[in-house]
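Visitor: What follows is a structure written as C-alpha cells; I'll ask about it next.
Any read-out appearing in this document is the output of simple, stated calculations on the displayed coordinates, not a laboratory observation. Only a predicted model underlies this, so the values are computations on that prediction, with no experimental measurement involved. Quick reminder, even Gly has a Cβ in these numbers, built from the backbone with ideal geometry, and neighbours come from all protein chains shown.
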Amino acid sequence: MLLAIDTSTGTSVAVVDRDGVRATRTSADTRGHAEAIGTAIEAVLAEAGIVAADIDLVAVGMGPGPFTGLRVGIAAARAFALGRAVRVVPVVSHDAVAFGASEPLVVVTDARRRELAVSRYGTPAPDGLPVRTGGPELVPVAESDAIVHGSERRIDAATIDAGSLGMLALALLDAGAPLPPDDAIYLRAPDVTLSAPKRVLG
C-alpha cells in the first residue's frame with residue numbers, strides 16, 4: 001500500500017495499490033498546504049479502511065513548484081516514511097500529469113510571478129511511462145500562446161493528482177526505471193540570499 005503526496009500546486013494526498021486508487025483528497029488552495037496536509041492524510045487512510053502501519057511506501061511530488069508549498073509535502077512525506085521506516089519514492093510532479101497519455105503533451109502549471117512551469121513529453125515508452133523531452137522550465141505568461149509545438153496537446157494542471165502520482169511511482173518501481181533525484185525542483189532562486197559577512201576591525 002502506498003501513500004502519495006503532492007503540494008507543488010494545491011494539496012493532494014492519495015492511497016493507492018496496484019489495483020488502483022483507493023482514496024484521494026485534493027484542495028486547489030495554493031497557500032494552505034500546512035493546514036490541509038495532516039487532515040488529508042487522516043481522511044485517505046480512513047476512506048481506504050487502513051491505518052498508518054499498512055503503508056509500506058510513500059511517494060512524493062518533487063515539483064516543479066514554489067518553495068514554501070513544495071517543502072510542506074516533501075517534509076510530510078519524509079516524516080511519515082521515517083515514522084514507518086519505509087522508502088520514499090520521488091516523482092517529478094509534471095510526470096504524473098503526463099502518465100497515461102498516449103500522445104505528445106505539454107504540461108503547464110502556474111509558477112506565479114507571471115510565469116508558467118512547462119514540461120514537454122513525447123510518445124510514451126512501450127511500458128507506458130512518460131518520456132519527458134524538455135523541462136521543467138519557466139516560461140513568461142506573455143508567451144503562453146506559443147508554448148504548444150506541433151502536435152502537442154496542452155494540459156494546464158491546477159493541481160497534481162496524488163492518485164496518478166502514486167500509480168506512476170508504482171509503475172516506475174515495477175519497470176525498474178531510474179528515479180529522479182531526491183531534491184525538490186525549484187525553477188527560480190530563493191528570494192532570501194545570505195549577505196556578505198561584515199569585516200570586523202580591531
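Visitor: Any idea which of SER164, SER151 is in contact (Cβ under 8 Å) with a residue 40 or more places away in the chain, out of contact with any Asp or Glu (no Cβ under 6 Å at 6 or more places or on another chain), small (Gly, Ala, Ser) and surrounded by fewer than 15 Cβ atoms within 10 Å (Cβ to Cβ)?
Guide: Numbers: SER164 fails: surrounded by fewer than 15 Cβ atoms within 10 Å (Cβ to Cβ).
Answer to the check: SER151.
Visitor: Go through the range 127-140 and report how many residues are exposed (fewer than 13 other Cβ atoms within 10 Å of the Cβ) and either in contact with an Asp or Glu (Cβ under 7 Å, 6 or more places away or on another chain) or more than 19 Å from LEU179 (Cβ to Cβ) (or both). Steps first, answer last, please.
Guide: Kept after step one, since they are exposed (fewer than 13 other Cβ atoms within 10 Å of the Cβ), are these residues of the range 127-140: 127, 134, 140.
If we keep only those that are either in contact with an Asp or Glu (Cβ under 7 Å, 6 or more places away or on another chain) or more than 19 Å from LEU179 (Cβ to Cβ) (or both) as well, we get 134, 140.
So the answer is 2.
Visitor: Only residues in the range 19-34 that are under 12 Å from ALA162 (Cα atoms) count as the first member; pair them with residues that are of a type in the set (Gly, Ala, Ser) and surrounded by fewer than 19 Cβ atoms within 10 Å (Cβ to Cβ), Cβ under 6 angstrom, at least 6 apart or cross-chain, and list the lot.
Guide: Here the result reads ARG25/ALA43, each pair linking the range 19-34 to a residue that is of a type in the set (Gly, Ala, Ser) and surrounded by fewer than 19 Cβ atoms within 10 Å (Cβ to Cβ).
Table: residues versus (1) farther than 25 Å from THR30 by Cα; (2) touching a residue at least 12 places away in the same chain (Cβ under 8 Å); (3) out of contact with any Cys (no Cβ under 7 Å at 6 or more places or on another chain); (4) of a type in the set (A, V, I, L, M).
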site: ARG112; (1), (2), (3), (4): no, yes, yes, no
site: THR123; (1), (2), (3), (4): yes, yes, yes, no
site: THR133; (1), (2), (3), (4): yes, yes, yes, no
site: VAL141; (1), (2), (3), (4): no, yes, yes, yes
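Visitor: May I ask you to list the residues in the range 24-53 that are of a type in the set (A, V, I, L, M) and surrounded by fewer than 19 Cβ atoms within 10 Å (Cβ to Cβ)?
Guide: Hits for the range 24-53 are ALA28, ALA34, ALA43, ALA46, ILE50, VAL51, ALA52, ALA53.
Visitor: Also, I was wondering about something else. So which pairs qualify, if the first residue must be in the range 81-105 and in contact (Cβ under 8 Å) with a residue 60 or more places away in the chain, the second must be among the acidic types (Asp, Glu), the Cβ gap must be under 6 Å, and the two must be at least 6 apart or on different chains?
Guide: Pairs that qualify, where the first residue is in contact (Cβ under 8 Å) with a residue 60 or more places away in the chain and the partner is among the acidic types (Asp, Glu), are PRO90/ASP182; SER93/ASP6.
Visitor: Quick one: count up the residues across the range 108-124 that are surrounded by fewer than 21 Cβ atoms within 10 Å (Cβ to Cβ) and either within 16 Å of GLU152 (Cα to Cα) or in contact with a Ser or Thr (Cβ under 6 Å, 6 or more places away or on another chain) (or both).
Guide: 3
Visitor: Criterion first (more than 18 Å from the chain's Cα centre (by Cα) and within 25 Å of ALA158 (Cβ to Cβ)) does THR7 satisfy it? Explain how you work it out, then say what you get.
Guide: Details: more than 18 Å from the chain's Cα centre (by Cα): no; within 25 Å of ALA158 (Cβ to Cβ): yes.
In short, no.
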